[in-house]
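Only the coordinates and a few stated rules stand behind these numbers; no lab work does. Computed from a predicted model, the values in this text were never measured in an experiment. Note that each Cβ is placed from the backbone with ideal geometry, even for glycine, and that neighbours are counted across all protein chains shown.
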């Protein structure tokens, strides 16, 4: 009697376990089907669409979209999607969020840097760092080859610090070197070294600085001013680029003191 009772108990326990196993397998299959577990979808191409249209298209494939960045691009409609990640035709799981870069409805404004008195390569890098790009490059004969003399926006000279739309094209006036380039003799009297070194190099002229005896220290050099130059400045005077200007520096207080003693 006890053996029959135990056998019946074991059979019942086995049936209960089997029911649980079958139920678990059935639930797991249903859950995989419900969540599309392991199913990949292809990311559509959202470029050129506005956000509302992108949402509708994404929903068809069980995807979500979110604006991650705002750009300012000339050849894309305001509010349209410029790019997205993951990119079009990528394989992703259903429910994945696609991050969008959208063209700004209101242009993003950036500050115009000073790209004059530097090389064309430096100017290009500085513009790109500020979200701008090179437009038309106009060349003029000058010993300073590939040296930027003027920056323009919308056909007008633009001052550093001016705000313009991100992605705008900036036109540059650039020197194009050649033999026999003639430049005007500059007027340097009264100027410090810091004010003339870049200016003379931009003209393609060499500098021969000559410091008076009273100019002894670094501070003296900073205070010194041009007291004489050769060739001397004359209105309309010209010299050939690559020639040398001799420039004499002195300290004004010392010059006045020597004059008084005489």
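Points worth noting:
- Theoretical FRET efficiency, 1/(1+(r/R0)^6), r = Cβ-Cβ of residue 233 and residue 50, R0 45 Å, to 0.05: 0.10
- Shape class of the stretch 40-103 from the Cα gyration tensor (axes a ≥ b ≥ c, square roots of the eigenvalues): prolate, since a/c reaches 1.5 or more and a/b is larger than b/c.
- Full-stretch length increase - residue 150, residue 87 - with 0.36 nm per residue and alpha-carbon distance subtracted: 18.7 nm
- Spin-label model, residue 211 to residue 193: label points 7 Å out along the Cα-to-beta-carbon direction sit 0.5 nm apart.
- Here r is the Cβ-Cβ distance between residue 176 and residue 126 and R0 is 22 Å; the resulting FRET efficiency, rounded to 0.05, is 0.60.
- With only the Cα atoms considered, the stretch 109-176 has a convex hull volume of 64 Å³ per residue.
- For the stretch 126-252, the ratio of Cα radius of gyration to the globular rule of thumb 2.2 N^0.38 Å stands at 1.31.
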